[in-house]
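The values are calculated or read from the model by the stated rules, or taken from the named source; none is laboratory data. Not measured: the values here are computed from a predicted model. In this analysis, Cβ positions are derived from the backbone assuming ideal geometry, glycine residues included, and neighbour counts consider all displayed protein chains. Surface areas here come from the heavy atoms of the whole protein model, side chains and all, with no ligands, DNA or RNA. Shrake-Rupley method; radii C 1.70, N 1.55, O 1.52, S 1.80 Å.
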Amino acid sequence: MKIVVIQGPNLNMLGVREQHVYGPMKLEQIHAQMKDFAAQNGVEIEFFQSNLEGEIVDRIQECYGDAQGIIINAAAYTHTSIAIRDAISAVSIPTIEVHISNIHRREEFRKTNMIAPVCSSSIVGFGPFGYHLAMVGMLQIMNEIQAAQEAQKQAAQAQ
Ligand code: DQA
């Protein structure tokens, strides 16, 4: 099973940008923890960060037929990008969105979310720990899909 982690604009500045909002952890440290957890659970994981909307759309499209799960923090594009929303919808791969901060408690414009309606779930406001929660959630989704496929196979064999 492969999970692709997609990080949007300015997340490469974690550890530097607005530490009172996002904390001191760097993106590399978050990814190192996710990589360890993935290895412990026998999951392949890839990381991608871009400040460009089109590159994020391209990376989501590349997941089609290749990855079984996407974890995405679309950052500021969350609030504006119909293109990223459509890409998630197009590939139809279970996707969990993460926001380090609680976007519901911040400025009004962060309450608009283009991405959430096409995601399996959203994890917001847990700080960098939200990425770990997303990994746990993704494993649960994968287990449920696998169990449903097994049940379907058994039902077909019983006929
Ligand atoms: C963010 C929240 C967004 O509103 C913001 O533009 C970001 C980071 C978060 O992780 O809390 O860049 O996605």
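Tabulated data for the structure shown
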{"read-out": "Net length gained if the chain between Ala39 and Val16 were fully extended (0.36 nm per residue, minus Cα distance)", "value": "5.5 nm"}
{"read-out": "Charge dipole (debye, nearest 20) of the range 2-158; +1 at Cβ of Lys and Arg, -1 at Cβ of Asp and Glu", "value": "380"}
{"read-out": "Nearest-10 value in Å² for the accessible area of Asp86, using the 1.4 Å probe", "value": "90"}
{"read-out": "Accessible area of the chain belonging to carbon and sulfur atoms, whole % at 1.4 Å probe", "value": "51"}
{"read-out": "Gyration tensor verdict on the range 72-130 (Cα atoms; rounded if a/c is under 1.5, prolate if a/b is larger than b/c, oblate otherwise)", "value": "oblate"}
{"read-out": "Added length on full extension, which subtracts the Cα-Cα distance from 0.36 nm per residue, Asp86 to Glu28", "value": "18.1 nm"}
{"read-out": "Accessible area per residue, Å², the range 15-159 with all protein chains present, probe 1.4 Å", "value": "56"}
{"read-out": "Extension gain from Ser120 to Ala155, taking 0.36 nm per residue of separation minus the Cα-Cα distance", "value": "10.0 nm"}
{"read-out": "Label-to-label distance, nm, for residues given as Ile145 and Gln61 (7 Å Cα→Cβ offset)", "value": "2.1"}
{"read-out": "DSSP H segments from the chain that extend 30 Å or more along their own axis, Cα-based, with Kyte-Doolittle mean of -1.0 or above", "value": "129-158"}
{"read-out": "Sequence-separation-based contact order of the chain, relative, with Cα cut under 8 Å and 6+ spacing, percent", "value": "24"}
{"read-out": "Prolate/oblate/rounded call for the chain, Cα gyration tensor, a/c under 1.5 rounded", "value": "prolate"}
{"read-out": "With DNA, RNA and ligands ignored, accessible area of Met34 (1.4 Å probe; Å², nearest 10)", "value": "10"}
{"read-out": "Subset of Lys26/Lys111; Lys2/Lys111; Lys2/Lys153 violating a 28 Å alpha-carbon distance limit", "value": "Lys2/Lys111"}
